Each structure stands twice: as structure tokens, then as C-alpha cells.
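Notes follow the structure.
The values are calculated or read from the model by the stated rules, or taken from the named source; none is laboratory data. Note that the coordinates shown come from a computational prediction; the quantities given were computed from them, not determined experimentally. Please note: Cβ atoms are built from the backbone with ideal geometry, for glycine as well, and neighbour counts cover all protein chains shown. Surface accessibility is based on the protein's heavy atoms, side chains included, excluding ligands, DNA and RNA. Shrake-Rupley method; radii C 1.70, N 1.55, O 1.52, S 1.80 Å.
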Amino acid sequence: QVQLRETGGGLVQAGGSLRLSCTVSGRLVTTYVVGWFRQAPGKERDIVARILWIGGREYYADSVKGRFTVSRVTGKNTIELQMDSLKPEDTAVYYCAVAFTERLNPPDYRYWGQGTQVTVSS
């Protein structure tokens, strides 16, 4: 099956930065949408950012606009999420996922990574 793997999580002080990477492998011959989601303890899994593979149109949740940037890595089946000015409320498990629709709900995403923990200390 198609596999996605996130790397780059860790513990960072408030105001710091982290860069997450998501590498896609397997028999995926086309991609349409790659999304980043996060789930904090006791909360729903919500979309953080999304990028269309062709054209590169980006979407950001209001809570991260101006602080997070999603991008494709040229020549690789990889997307990155650059996270700057991190806040304690950004603490969550972050997941990347692939969908073939522009809808924003987790059930619309077919393939998921295992998640990577991001912890922002106050």
C-alpha cells in the first residue's frame, strides 16, 4: 500500500520553529492533494494546511496563517510544513495525508502517515 512518513517533530520553546517533512512512497502514481492535520489531546483532528500537487495552491487554517508554510520539495515525493512562531496551543500530533478531493475533512483523505509529536513549551 501507499505509505506516508512524517519526520521533524520534537519539543521546542514557544516562539521557536520546526520543519516537518512528509515523504510518500509506494504505488501512488498520481497525487492530487496533500494535507497536514493535527490532533491535540481531547480535541478533534483538524486540518492545518493543504496543497494541491499540481499548481501548488495552498490552504491554511486561520489559526496558523502567517506562521506556517506548506511547500513541495522539488524533485521528490515530499512536502514540508515550516512552522514558525510556535505557540503552546500548537502542541499536537501532526499527520500528513493524501486525498483526491479538495474537501477538508479527515474522512476524505485516503492515505495517512503515522503522525509525529510536536510539543511547544510555554
### Task
Would you mention how many residues in region 46-58 are over 19 Å from Lys87 (Cβ atoms) and open to solvent by 70 Å² or more (accessible area, probe 1.4 Å)?
4
### Query
Which one of these does Tyr94 not meet: (1) touching an Asp or Glu at 6+ places or on another chain (Cβ under 7 Å); (2) part of a loop (DSSP other than H, G, I, E, B); (3) at pLDDT 95 or above; (4) not hydrophobic (A, V, I, L, M, F, W, C)?
(2)
### Task
Would you please list the contacts, defined by Cβ atoms under 7 Å and residues six or more apart or on different chains, that run from a residue in region 105-119 that is of a type in the set (Asp, Glu) to a residue that is open to solvent by 50 Å² or more (accessible area, probe 1.4 Å)?
none
### Summary
Scanning region 89-122 for residues that are of a type in the set (Gly, Ala, Ser), buried (at least 16 other Cβ atoms within 10 Å of the Cβ) and in contact with a Pro (Cβ under 7 Å, 6 or more places away or on another chain) gives none
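Might you check whether a residue that is modelled with pLDDT of 95 or more, farther than 19 Å from Leu4 by Cα, of a type in the set (A, V, I, L, M) and open to solvent by less than 40 Å² (accessible area, probe 1.4 Å) occurs anywhere in region 75-88? Before you say what the answer is, go through the steps one by one.
Keep residues of region 75-88 that are modelled with pLDDT of 95 or more, which gives 80-88.
Narrowing the set further to residues that are farther than 19 Å from Leu4 by Cα leaves 83-88.
After this cut, where a residue has to be of a type in the set (A, V, I, L, M) as well, the list is 83, 86.
Then drop every residue that is not open to solvent by less than 40 Å² (accessible area, probe 1.4 Å), which leaves 83, 86.
Scanning region 75-88, I find at least one residue that is modelled with pLDDT of 95 or more, farther than 19 Å from Leu4 by Cα, of a type in the set (A, V, I, L, M) and open to solvent by less than 40 Å² (accessible area, probe 1.4 Å), so the answer is yes.
Results for (1) assigned to a loop (DSSP other than H, G, I, E, B); (2) farther than 22 Å from Leu11 by Cα; (3) within 14 Å of the chain's Cα centre (by Cα), shown as yes or no for each residue.
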{"position": "Ala49", "(1), (2), (3)": "no, no, yes"}
{"position": "Gly56", "(1), (2), (3)": "yes, yes, no"}
{"position": "Asp62", "(1), (2), (3)": "yes, yes, no"}
{"position": "Lys76", "(1), (2), (3)": "yes, yes, no"}
{"position": "Leu81", "(1), (2), (3)": "no, no, yes"}
{"position": "Leu86", "(1), (2), (3)": "yes, no, no"}
### Subset of region 65-74 that is closer than 19 Å to Glu6 by Cα and not charged (D, E, K, R) - its residue that is most open to solvent (accessible area, probe 1.4 Å)
Thr74
